[in-house]
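Working notes, beginning with the structure itself.
The values are calculated or read from the model by the stated rules, or taken from the named source; none is laboratory data. These numbers come from a predicted model, not from an experiment. Here the Cβ positions follow ideal geometry from the backbone for every residue, glycine too, while neighbour counts run over all protein chains shown. Heads up: the accessible areas ignore ligands, DNA and RNA and are worked out on the full protein's heavy atoms, side chains in. Shrake-Rupley method; radii C 1.70, N 1.55, O 1.52, S 1.80 Å.
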Amino acid sequence: MADKVFAGAVVLPDRIIENGYVLVGDGRVEAVGEGPAPTGEAHGGSGYLVLPGAIDAQVHSRSQLGQEDFIWSTKSAAAGGVTTIVDMPYDDGCLIATTERFTQKAKDAAARARVDFALYATIDPEEGAARIDELVDAGAAAFKFSTFGAHPKRFPRIPPHILYKSFCAVGRRGLIAGVHNENDEMVRAFTAEVEARGVTDYTAHGLSRPPITEALATAEVYELGAAAGCPTHIVHCSISRGYELAQAYRAQGHAATIEACIHYLTLDEEHDVRRLGGKAKINPPLRSRREVEALWRHLAAGNVTIVSTDHVSWSEDRKTDPNMLKNASGVPGLEVLYALLLKGLDERKLPLTHAARLLAHNPAALFRIAHVKGALAVGRDADIALMRRDPYRYAAAASGANFVGWSPYDGVDLPFRSVATFLRGECVAADGRVMAEPGHGRFVRPPQQAAGS
């Protein structure tokens, strides 16, 4: 007899089993089937969606000292059906660019995380690619670089010649090079123009980073990846042109992938940035509603590789300056990642299979952890999100699962509610309450691959 049986509409990347079930034993999926569910501890039932636990590919748990850390980021994750987070290497006061820092972060996270986690690593531009092999050996799931310098030490720009050498080193080890895609020189020039004109309102941020700054960096990055033979990933794309570029490089045989953060599929400049000001400041910026709908067309066409949050919980004082350019960039979103994507699919009458593919199947493959994560498939970890159609209006402060009490999604009507989240077969959240304690999460790493293999 299986330990647990999950019944309902089982959502897979390629189909939905309407009268389906998932059998779980010893923390892993034992069978996926259709028809009457076998005997076991029953969960779900008629009217439930049985989804693979989401993998949020872009989380910043430690961008601000004294804020959420893994204790809270993973609490938000569990509350919303996210069972694995991939954390970024730009911690406040600590660039994760050495083995010592990487292993210490993995140790710290293992003591604090409530769900499973993988980790990005990065490089110090002064050292270049010298430490990439040792960071791969330490368990890095991917490497993050930036063409824009947000901070010389914590979030540095990596110039093209160092990017190329780093891509070569990452490619030899079979991992992806993920890149923050904004052209540094153009952003600084446009920002200077905006400041000189005295523009400080909600339009200032978009004017300082027009679409060409993003498109130019994206083209440069993909060309470097093609020359280096490295799988190259754009970690956030707000413009339809970026997805066209990614598709073109793939058509030429290159491993070019691209990520749509949930805010680019949900929020727009003319309504939401106007309304929220600094609380909707994100890099790259939110674009027009016309661009939002263009991204959904790319998603429907299969041109989006994964969807993520780029989650960061800045304190409110860093998001409420009347001068738009003085606010920190980034927003929280872990708790509603799944619900927001399902809402968008539902409203556009797109198959919910997109959610299983973009939030689980594809991220697992991208970060080389598909041997254990990302699918309701025999032998994989039984990471399961149970959801049902039960409309409600989101309020970040009401759930108790978020370190900060603000969200750009406050007041959004969501058609699907997260009922329960299971990690490796164990219930970590149910009916609005997170049960998993800090330390329940595990470090997930790719299988070792030797240099040049």
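The table below gives the values:
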read-out: Alpha carbon centroid spacing (whole Å) that separates region 380-402 from region 137-168; value: 34 Å
read-out: Cα long-axis angle, helix 240-251 against the chain (0 to 90 degrees, to the nearest 10); value: 80 degrees
read-out: Accessible solvent surface per residue of region 90-197, calculated while the other protein chains remain in place, 1.4 angstrom probe, Å²; value: 37 Å²
read-out: Subset of Lys105/Lys165; Lys153/Lys373; Lys319/Lys343; Lys281/Lys373; Lys165/Lys279 violating a 30 Å alpha-carbon distance limit; value: Lys153/Lys373; Lys281/Lys373; Lys165/Lys279
read-out: With every protein chain in place, region 51-175: carbon and sulfur % of accessible area (1.4 Å); value: 51 percent
read-out: Computed E for Ala111/Thr353 - FRET, C-beta separation, R0 22 angstrom, nearest 0.05; value: 0.05
read-out: Correct choice for Cα extents along the principal axes in Å that was computed from the model, options [x] 72, 44, 43; [y] 68, 51, 44; [z] 73, 37, 36; value: [y]
read-out: Per residue accessible area of region 217-311, 1.4 Å probe, in Å²; value: 32 Å²
read-out: Separation in nanometres of the label points that stand 7 Å from Cα toward Cβ, at Asp26 and Asp137; value: 3.2 nm
read-out: Ile212-Glu34 FRET efficiency (beta carbon distance; Förster radius 56 Å; 0.05 resolution); value: 0.65
read-out: Spacing of the two label points (7 Å from each Cα toward its C-beta) at Arg417 and Arg197, in nm; value: 4.6 nm
read-out: Long-range HN-HN contacts of Val199 with modeled amide H, under 5 Å; value: none
read-out: Within straight-line cross-link reach of Lys4, aspartates and glutamates at Cα separation under 14 Å, skipping those fewer than 8 residues along the same chain; value: Asp26, Glu30, Glu41, Asp381, Asp383, Glu426
read-out: Relative contact order (%) - region 204-315, alpha-carbon pairs under 8 angstrom, separation at least six; value: 29 percent
read-out: Cα gyration tensor shape for region 323-378, rounded if a/c is under 1.5, else prolate or oblate; value: oblate
read-out: Distance in nm between pseudo-label sites at His151 and Ala398 (7 Å out along the Cβ direction from Cα); value: 3.4 nm
read-out: Table column - 3J(HN,Hα) (Hz), region 262-273, Karplus curve with 6.51, -1.76, 1.60, x for Gly and Pro; value: 4, 5, 6, 9, 10, 9, 9, 6, 5, 9, 7, 5
read-out: Cα long-axis angle, helix 211-228 against the chain (0 to 90 degrees, to the nearest 10); value: 80 degrees
